[in-house]
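Report on one structure; see the data block that follows.
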Amino acid sequence: MTIIEHWIGGAFTRGASARTSAVFNPAHGTEQKQVLLAETTDVDSAVAAASKAFEAWGDSSLSQRTKVMFRMRELLVEHEDEMAKLISSEHGKVIEDARGEIIRGREVVEYACGIAEVLKGSFTDQASRGVDVFNFRQPLGVCAGITPFNFPIMVPMWMHPVAIATGNTFILKPSERDPSVSNRIAELYAEAGLPDGVFNVVHG
């Protein structure tokens, strides 16, 4: 039986827990995998990895971040069919519906490719007598998303591409009912050049 592990610090790990939950194929109701259910220590490990990665990623250039996003966009196109089948096998939606979900999520990555324009600050000289006004944007740090089962790739991608492109690190807790595509996204981020610990996946 395939065991779905967590992705922490740039690698798969079983973590501290032996607890699992069944992942079914809804088309015929059979159990096809088991997903590990994290303990508190696993969440702490993910936070520690994301915090450490933030030290460098938060100071990275917009050029470096957008380069990762452009490559991620290419990989999402390249692996669209594979991920659509993966979503269908765990969620149950038809392939075309799954492919449409991937495309909607990819649009957020495409938006993140142009994040440099959005992150520009501004300066107003003499807004009042002797008063200048300026603003600039800085990353927050470690961000997290807890997402539902109904759109296993699209809803998480409303969150992590923009968070990552703006210099934050991210921990995703997807639904335990269809968790595999989140792990595949983690692998694609690594292939796109995202540093270890910037994106993490903790199940259960």
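Overview of values
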quantity: Placed amide H near G197: partners under 5 Å, 5+ positions off or other chain; calculated: G9, G10
quantity: Within a Gaussian network of the chain (alpha carbon springs, distance under 10 Å), most fluctuating of S45, S60, S122; calculated: S122
quantity: Amide H contacts of I4 (H built 1.01 Å from N, under 5 Å, at least 5 apart or other chain); calculated: Q34, V35, L36
quantity: Vicinal HN-Hα couplings computed from phi for segment 182-187 (Karplus, 6.51 cos²θ - 1.76 cosθ + 1.60; Hz; Gly/Pro x); calculated: 5, 5, 5, 4, 4, 5
quantity: Rounded to 10°, Cα long-axis angle of helix 80-91 versus longest principal axis of the chain; calculated: 60
quantity: GNM flexibility winner over the chain from V94, V43, V109 (Cα, springs under 10 Å); calculated: V94
quantity: Protein accessible area in the chain, 1.4 Å probe - carbon and sulfur %; calculated: 54
quantity: Most mobile of T13, T41, T66 in a GNM of the chain (Cα contacts under 10 Å); calculated: T41
quantity: Beta bridge orientation in segment 54-204: antiparallel %, DSSP, nearest 5; calculated: 35
quantity: Total formal charge among the other residues, if their Cβ is under 12 angstrom from that of P148, Lys/Arg +1 and Asp/Glu -1; calculated: 0
quantity: Dipole magnitude of segment 3-201 about its Cα centre (Cβ charges: Lys, Arg +1; Asp, Glu -1), debye to nearest 20; calculated: 280
quantity: Qualifying aspartates and glutamates (Cα of each under 19 Å from Cα of K85; at least 8 residues distant if same chain); calculated: E31, E74, E96, D97, E101, E176, D178, E187
quantity: Trypsin sites (Lys or Arg not before Pro) within segment 124-186: DSSP coil, no more than 13 neighbouring Cβ in 10 Å; calculated: R129, R137
quantity: Cα centroid separation, segment 119-134 to segment 31-53 (Å); calculated: 44
quantity: Contact order relative to length of the chain, as percent, for alpha carbon pairs under 8 angstrom and 6 or more apart; calculated: 31
quantity: Amide proton proximity set for A144, modelled H, under 5 Å, gap of 5+; calculated: I171
quantity: Accessible area per residue, Å², segment 1-154 with all protein chains present, probe 1.4 Å; calculated: 56
quantity: Helix axis angle, 62-78 relative to the chain longest principal axis, alpha carbon, degrees; calculated: 30
quantity: Residues in segment 97-138 that a label on V77 would reach, taking backbone N under 18 Å of a point 7 Å out along Cα→Cβ; calculated: 99-115
quantity: Charge context of E176, other residues only, Cβ under 15 angstrom, K/R +1, D/E -1; calculated: -2
quantity: Computed helical MRE - 222 nm, the chain, DSSP H runs ≥ 4 contributing -39500 (n - 2.57), nearest 500; calculated: -14000 deg cm²/dmol
quantity: Summed residue charge, Cβ within 15 Å of S88's Cβ, Lys/Arg positive, Asp/Glu negative; calculated: -2
quantity: With Cα atoms, 0 to 90° folded angle of helix 95-113 axis to the chain main axis; calculated: 20
quantity: Directionally averaged projected area (convex hull, Cα atoms, segment 3-201), nm²; calculated: 12.3
quantity: Calculated FRET efficiency for the pair T30/E55, C-beta based, R₀ 41 Å, to 0.05; calculated: 0.35
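The values are calculated or read from the model by the stated rules, or taken from the named source; none is laboratory data. It should be emphasised that the depicted structure is a prediction, and the values quoted were computed from it without experimental measurement. Neighbour counts run over all protein chains shown; Cβ positions are idealised from the backbone, glycine included. These area figures cover heavy atoms from the full protein model, side chains too; ligands, DNA and RNA do not enter into them. Shrake-Rupley method; radii C 1.70, N 1.55, O 1.52, S 1.80 Å.
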